[in-house]
Amino acid sequence: MNNILIAGGTGLIGKRLTTYLESTGNTVFILTRKPTATNHIFWNPSKKEIDTTQLGTITHLINLCGASLAGKRWSNAYKKELLDSRIQPAQFLLANTQHLPKLVHYITASGINCYPLNTEKIYTESDDFGTDFVSQLVKKWEETADLFSSHCIVSKIRISPVLDNQGGALQEILKPVKAGFGAALGSGKQAMPWIHYEDLARIFDIVIEKQLAGAYNALVATSTNNVFTEVCAASISKKIWLPNLPAFMVKLLFGEMSMLLLEGVQASHEKLAKAGFTFKHTDLKEAISSLNAG
């Protein structure tokens, strides 16, 4: 029996992961600033406060903390928040490992945008980080996670945009489509890696079950922005009638964050496959349709 503690567990991915891990026989606890349930444990990493009374039984620690890349325009202040929201909670958890005597595994969320922006190359986990802001953000994120290696196994799940009917990238794309103003962005040829939320939860589960250490690319496939937008529209019986939104307009609207929208990354999930993982949702149309049906 695993006793799993999730930091950032009240977010969308955290809730999905909690439900799945509990369904496979694990006991899950959630770190939160506002405890409202019996499995909630109080913490406030910004004030360096945590209730340590229940930490002695924890065997696995999952850290999902991090402000959304799409949360705000990338001002210098928000860039600092993006970094601090990932590094500071991890550092605080590391400082409390003495209260986690049974900890055997630390698993951190990470990002698929750690690689150089290049639609042509298919990256593997052994490739170098890129030099852009997001790549370097992920690098520092993972370097902080690696500090746990003197205490336990460390795993880094490089998450691609997650398909979910409760929020996230898919719902943001569907908003203008539902309003009749959907359009692909820039050339529309940029790569768009994706994963269904159920498969993402299953990846965390196999990493725990098989004690898989190191970095893993969490994506099932890569589409293009053109195809992704068209499939989204078709899933709700809409058509894309507007021309692609020009790149200069995307840059005006989103500033530096537009790099995530206009430039893509392709990556391989072969490392997961070799570890015995098989994806349940491999077809983009089926994956999106299953969510709309749900």
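The values are calculated or read from the model by the stated rules, or taken from the named source; none is laboratory data. Bear in mind the structure is a predicted one, so any value in this text is a computation, not a measurement. Glycine gets a Cβ as well: all are built from the backbone with ideal geometry, and neighbour counts include every protein chain shown.
Laid out as a table, the results:
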| item | result |
| --- | --- |
| Pairs with Cβ under 8 Å, 6+ apart, first in the range 239-259 and more than 18 Å from Phe133 (Cα to Cα), second crowded, with 16+ Cβ neighbours inside 10 Å and β-branched (Val, Ile, Thr) | Ile240/Val177; Ile240/Thr229 |
| Test: residue in the range 180-190 that is in a strand (DSSP E or B), on the phi < 0 side of the Ramachandran plot, over 17 Å from the mean Cα position of the chain (by Cα) and at pLDDT below 95 | yes |
| Condition broken by Asp128, with the remaining ones in (1) acidic (Asp, Glu); (2) out of contact with any Lys or Arg (no Cβ under 7 Å at 6 or more places or on another chain); (3) crowded, with 18+ Cβ neighbours inside 10 Å satisfied | (3) |
| Some residue of the range 107-117 being surrounded by fewer than 21 Cβ atoms within 10 Å (Cβ to Cβ) and touching an Asp or Glu at 6+ places or on another chain (Cβ under 7 Å) | yes |
| Members of the range 74-90 found to be within 20 Å of Thr144 (Cα to Cα) and either touching an Asp or Glu at 6+ places or on another chain (Cβ under 6 Å) or among the hydrophobic types (A, V, I, L, M, F, W, C) (or both), listed by number | Leu82, Leu83, Ile87, Ala90 |
| Test: residue in the range 239-261 that is in contact with an Asp or Glu (Cβ under 8 Å, 6 or more places away or on another chain), part of a helix (DSSP H, G or I) and within 27 Å of Val138 (Cβ to Cβ) | yes |
| Some residue of the range 147-156 being assigned to a loop (DSSP other than H, G, I, E, B) and either in contact with a strand residue (DSSP E or B) (Cβ under 6 Å, 6 or more places away or on another chain) or of a type in the set (Gly, Ala, Ser) (or both) | yes |
| Any pair with Cβ under 9 angstrom, 6 or more apart, that starts in the range 279-294 at a residue that is assigned to a loop (DSSP other than H, G, I, E, B) and ends at one that is at pLDDT 95 or above and surrounded by fewer than 17 Cβ atoms within 10 Å (Cβ to Cβ) | Phe279/Ala273 |
| Qualifying positions in the range 237-252 - over 14 Å from Ala183 (Cα atoms), among the hydrophobic types (A, V, I, L, M, F, W, C) and within 27 Å of the chain's Cα centre (by Cα) | Leu252 |
